[in-house]
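See below for the structure under consideration.
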Amino acid sequence: MSGRVAGKVVLVTGGAKGLGEADARALAAEGAQVVLTDIDREAGQAVADEIGGAFKHQDVTDEARWQEIIDEISSEYGALHVLVNNAGIVLAGTVETQTYAEYRAQVEVMADSTFLGSKYAIQLMAESGGGSIINMASVVSKLGYSGTVGYAAAKGAIEGMTRSIAAHCLESGYRIRCNSIHPGVIDTPMVRNLGRLVAEAALENPEQADVPDPSALAGVVGHPHNVADLVVFLASDESSFITAQEFVVDGGMSMLPAPLPHALQ
């Protein structure tokens with residue numbers, strides 16, 4: 001099957017690399033007009049050029065820039081059918097070791113940007129006849145790893161916000177559905193960097209290295225296309241009767257026994 005999202009205008013945040021890049025490529029391959037945004041100008045433009053899409057520089061924590069992006073899409077394309085709130089960062093730390101600045105940075109980049117993106121995209125999407133908001137959450141908010149407190153907080157907020165956005169769209173009579181995706185360990189630059197940080201923490205202070213090392217989960221490390229395939233489905237009309245749902249994409253990771261705390265090992 002091809003052309004599953006043909007004719008749809010799609011906005012993907014954090015589209016320069018990792019899951020966002022995979023989403024942008026998969027959506028373009030299925031016929032969408034993809035507008036990808038990122039703080040990395042060079043990488044973002046390169047992806048857009050390769051897929052025949054458009055790139056816009058964006059700091060997703062900037063409310064005014066969100067308004068500009070939506071206005072530009074309305075002016076240039078006349079519609080918006082799909083919003084993929086994908087931009088994200090991860091900064092390792094427990095509730096004791098995480099600085100407040102690190103915590104806030106993660107909440108702002110992920111939770112706040114999901115709020116802002118949805119807030120300003122909904123009206124244009126409604127005027128376009130409806131569509132799909134896809135929010136990138138994580139299994140981390142469900143599994144309780146001590147070393148990802150800020151990341152888990154942001155992703156947990158996205159999970160709850162998704163249901164509220166879906167309810168609002170239903171109550172307002174908009175034909176806009178809103179769902180969240182909860183990836184496990186996916187082979188992306190962000191996850192590889194987390195693995196590096198875990199290794200460094202283990203060398204410096206083994207007793208405080210509570211962040212799960214992705215390399216230790218051999219067999220349940222996914223590829224970005226595992227998530228992108230689901231994004232295409234949720235963006236397409238094939239999912240037109242699905243809203244307010246959570247989709248876990250983790251290869252069974254969340255079914256594995258949790259690691260014991262140091263005190264119980």
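Where a number appears in this text, it was derived from the coordinates with a stated rule and is not lab data. Just so you know, these numbers come straight off a predicted model, no measurement behind them. Cβ sites come from the backbone with ideal geometry, for glycine too, and all protein chains shown count toward neighbours.
Can you give the helix-only mean residue ellipticity at 222 nm for the chain, where every DSSP H stretch with n ≥ 4 adds -39500 (n - 2.57) and the sum goes over all residues, rounded to the nearest 500 deg cm²/dmol?
Calculated at 222 nm, the ellipticity per residue is -14000 deg cm²/dmol.
What is the dipole size for the chain, taken about its Cα centre, with +1 at each Lys and Arg Cβ and -1 at each Asp and Glu Cβ, in debye to the nearest 20?
That gives a dipole near 540 debye.
Measure of size requested: the Rg and Dmax of region 84-130, with Cα atoms as the atom set and Å as the unit; please supply both.
Considering region 84-130 through its Cα atoms, Rg and Dmax are 14.7, 47 Å.
³J(HN,Hα) across region 239-249 via Karplus (A = 6.51, B = -1.76, C = 1.60, θ = phi - 60°), whole Hz, x for Gly/Pro?
With coefficients 6.51, -1.76 and 1.60, one gets 9, 5, 10, 10, 8, 6, 10, 10, 10, 8, 10 Hz.
If you average the alpha carbon positions of region 117-189 and of region 48-102, how far apart do those two centres end up, in angstrom?
Cα centroid to Cα centroid, the span is 13 Å.
Dividing the alpha-carbon radius of gyration of the chain by 2.2 N^0.38 Å (N being the number of residues), what value is obtained?
Normalised by 2.2 N^0.38 Å, the Cα Rg of the chain equals 0.99.
State, as an integer percentage, the relative contact order of the chain based on alpha-carbon contacts under 8 Å between residues 6 or more apart.
Rounded, it is 19 percent for the chain.
Report, please, the projected area of region 9-115 averaged over directions, based on the convex hull of its C-alpha atoms, in nm².
Across all orientations, region 9-115 yields a mean hull projection of 6.9 nm².
Between residue 242 and residue 164, 0.36 nm times their residue separation minus their Cα-Cα distance comes to what?
Computed gain between residue 242 and residue 164 is 26.6 nm.
What are the residues whose amide H is under 5 Å from the amide H of residue 249, where those residues sit 5 or more places off or on another chain and H is modelled from the backbone?
182, 184
How far apart, in nm, are the 7 Å Cα→Cβ label points at residue 123 and residue 57?
2.7 nm
Give the value in nm², to one decimal: projected area of the alpha carbon convex hull of region 52-142, averaged over all directions.
The orientation-averaged projected area of the Cα hull of region 52-142 comes to 7.1 nm².
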